[in-house]
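Asks: My questions will all concern the structure given below.
The values are calculated or read from the model by the stated rules, or taken from the named source; none is laboratory data. Just so we're clear, the structure is a prediction, and the values are computed from it rather than from any experiment. As a convention, Cβ positions derive from the backbone with ideal geometry for all residues, glycine included, and neighbour counts pool all protein chains shown. Side chains are part of the model used for accessible areas, which takes the heavy atoms of the whole protein and leaves out ligands, DNA and RNA. Shrake-Rupley method; radii C 1.70, N 1.55, O 1.52, S 1.80 Å.
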Amino acid sequence: MADASSGNFGCQRCWPVSPDDAWEARAGLSHQATLIDESHLIASVLGCPVCSQRFVSVFIETVDWVGGDDPQCWVQLPLTPDEAERLTREPVTEADLHGLGGGRRSLLKGFLRGGVEKCMWTKGLSIGWHD
Ligand SMILES: [Zn+2]
């Protein structure tokens, strides 16, 4: 049972202990809404089919004009029912996403320059994150 007040979100399946497992579990989430769809920033709402926990997922690609080996990263943050409701009701800007989550645990998956991969827990939604 998702309990926003205690800081526990999701279930074993969608929000497991290890970040690698959480990244794998992401493939089992259902797409619920697209909030922002730009070439280098995509934000969408995903939902767990088991516990109905909703997440906001943000994809960022940092353009590297020199290389072409553009770093990419995803940040996935569980939402309270209120937040999910608000995000899917009104047009969303990058600034709206910025304020979400605060110190809440979120998942960061990054593909950086030189084939370096990162998968780790972080906090909140850091839009424009790069290494
Ligand atoms: Zn779940």
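Asks: Are there cysteines in the chain with no other Cys C-beta under 4.7 Å, and if so, which?
Replies: Flagged as lacking a Cys partner: C73, C119.
Asks: At 0.36 nm per residue, minus the direct Cα-Cα distance, what do D37 and R86 gain on full extension? Give it in nm, one decimal, please. All intermediate terms of the calculation are to be shown ahead of the outcome.
Replies: Details: separation 49, 0.36 × 49 = 17.64 nm, distance 1.77 nm.
Stretched out fully, the D37 to R86 stretch lengthens by 15.9 nm.
Asks: So what is the calculated 222 nm ellipticity per residue for the chain, using -39500 (n - 2.57) for each DSSP H run with n of 4 or more, over all residues, to the nearest 500 deg cm²/dmol?
Replies: It comes out at -4000 deg cm²/dmol, rounded to the nearest 500.
Asks: Here is a follow-up. Give me the extension gain from D21 to A95: residue separation times 0.36 nm, minus the current Cα-Cα distance, reported in nm with one decimal.
Replies: On the way: separation 74, 0.36 × 74 = 26.64 nm, distance 2.92 nm.
Full-extension gain reported as 23.7 nm.
Asks: Something else now. Let a ≥ b ≥ c be the square roots of the eigenvalues of the Cα gyration tensor of the stretch 29-123; is it rounded (a/c under 1.5), or, if not, prolate (a/b larger than b/c) or oblate?
Replies: On the way: a/c = 2.09, a/b = 1.62, b/c = 1.29.
Cα axes put the stretch 29-123 in the prolate bin.
Asks: Rank Q76, Q32, Q53 by mean-square fluctuation in a GNM of the chain with C-alpha springs under 10 angstrom and give only the top-ranked residue.
Replies: Among Q76, Q32, Q53, the largest GNM mean-square fluctuation belongs to Q32.
Asks: Which value, in Å² rounded to 10, gives the accessible area of E94 with a 1.4 Å probe and all protein chains present?
Replies: Counting only protein heavy atoms, E94 exposes about 90 Å² to solvent.
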